[in-house]
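Asks: One structure is given below, represented as structure tokens, and several questions about it will come after.
The values are calculated or read from the model by the stated rules, or taken from the named source; none is laboratory data. If you're wondering where the values come from, they're calculated on a predicted model, not measured in any experiment. With ideal geometry, Cβ positions are generated from the backbone for all residues, glycine too; neighbour counts draw on all protein chains shown. Surface areas here come from the heavy atoms of the whole protein model, side chains and all, with no ligands, DNA or RNA. Shrake-Rupley method; radii C 1.70, N 1.55, O 1.52, S 1.80 Å.
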Amino acid sequence: MKYARITGTGFYVPPKVVTNLDLEKIYDTSDEWITERSGIKERHFIDWETKEEGPSDLAVPAVQMALQNAGYTFDEMDLCIFATLSPDAYFPGSGCFLQAKISPESTVPMLDVRMQCSGFLYAMSIAEMYIKFGRYQKILLVGAEVQSTTIDFSNEGRTVGVLFGDGAGAAVVEATEEPVGILSTHLYTQGKYAESLWVPEPTTKRRPKVSSDMKGLYPYMNGREVFKHAVTRMTEAIWEACKHQNWSPEEVNVFLIHQANARIIEAIAKQLNQPMSKFFINIHKYGNTTAATVPICMHEALSEGFMKQGDKVIVATFGSGFTWGSAALIW
Ligand code: UT7
């Protein structure tokens, strides 16, 4: 059996920075509230007034960076998995649009994953299995989101509206004989909480599919419920990954936790009795970029020297679905 190692990462965020002070002009909110409750100071939004950009557009530079860092072209990939909750179109998947933009004559299979904030983790797990069992040698993973166009800018939307941002990340996963890379993944879903964090419309359940008076076109979140489950479930998943590898949390060098709220990460660190210095944080710059968060964290943790080759790394995510899980890696 082979091992699945990440050999190149990349990321991209659109240039437009939206600070908490900018949001004070839109909502009844304050920099102080957003900073204290979430740790977010700013996020990036696409500039929808000047051009149309979907997640597949944001993914292009992220993918190019990841491929360059791994030393491959797109056409050398055996598979590409695209994780997003904000697809360019109702169908086909964003992967198809990405492929058309990056290599129009390519026939690399493109697989879209719709597992929200856990999307990239699910993509890692699929890549792990395809590579470990020898079906594919090189897989490109993408997480990309454009959420700013779905945010409710009326005051009703302020709780969700201050948390999310746009961005993209990518990683190349390759087969190796060495016992390193993605050692295990642990995935969970509990659909009974689907409506605790969701966008109800448009829906296929009725006609017309879309109308201007629809209330459900914006994301709804039961913030307190999501918060509570996020802390409990990610802590459980981290313990599971550690036990599976026979690692104690003390042995783990780096925790890459989904960046939904800095207080969630602090609560997990406390439950594991681990110092915050082992937890990578970039939420202050990007907010919650859902499926793009993990690859953006991977890229920045590496380029900032926070994470290095040989490190024992635990990834954990939680999001709409509810979906959650963890991965254990030796980088
Ligand atoms: O990726 C996974 C998905 N997302 C998450 O994991 C997020 C999970 N949830 C959270 O991060 C937190 O629940 C929030 C940051 C969303 C909210 O923080 P909270 O400490 O749970 O606040 P809350 O919802 O209990 O609201 C506290 C107060 C309320 O006012 P009252 O009822 O106490 O008078 C809200 O109306 O804060 C008010 N509030 C705001 N105030 C200023 C809610 N949103 C805002 C806002 N600005 N943007």
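Asks: In this structure, does His244 turn out to be more than 15 Å from the ligand (Cβ to nearest atom), open to solvent by 10 Å² or more (accessible area, probe 1.4 Å), within 29 Å of Gly191 (Cβ to Cβ) and of a type outside the set (A, V, I, L, M, F, W, C)?
Replies: Against the criterion (more than 15 Å from the ligand (Cβ to nearest atom), open to solvent by 10 Å² or more (accessible area, probe 1.4 Å), within 29 Å of Gly191 (Cβ to Cβ) and of a type outside the set (A, V, I, L, M, F, W, C)), His244 qualifies.
Asks: Still on this structure: Applying the selection to the stretch 258-284, what residues are touching a Cys at 6+ places or on another chain (Cβ under 8 Å) and within 10 Å of the ligand (Cβ to nearest atom)?
Replies: His258, Gln259, Ala260, listed by residue number.
Asks: When you look at Tyr220, is it open to solvent by 60 Å² or more (accessible area, probe 1.4 Å), within 14 Å of the ligand (Cβ to nearest atom) and either touching a helix residue (DSSP H, G or I) at 6+ places or on another chain (Cβ under 9 Å) or modelled with pLDDT under 95 (or both), yes or no?
Replies: Judged against the criteria, Tyr220 is a match.
Asks: Within the stretch 1-87, which strands (runs of 3 or more DSSP E) (wholly inside it) include 1 or more residues that are open to solvent by 20 Å² or more (accessible area, probe 1.4 Å)?
Replies: Those strands (runs of 3 or more DSSP E) span 3-12, 17-19, 42-44.
Asks: Another one. Of the conditions (1) away from the ligand (no atom under 16 Å from the Cβ); (2) open to solvent by 10 Å² or more (accessible area, probe 1.4 Å); (3) in a helix (DSSP H, G or I), Phe306 fails just one. Which one is it?
Replies: Exception for Phe306: condition (3).
Asks: Can you name the residue in the stretch 107-131 that is buried (at least 16 other Cβ atoms within 10 Å of the Cβ) and over 21 Å from the mean Cα position of the chain (by Cα) and, of all such residues, is nearest to the ligand (Cβ to nearest atom)?
Replies: Per the stated criteria, the residue is Ile131.
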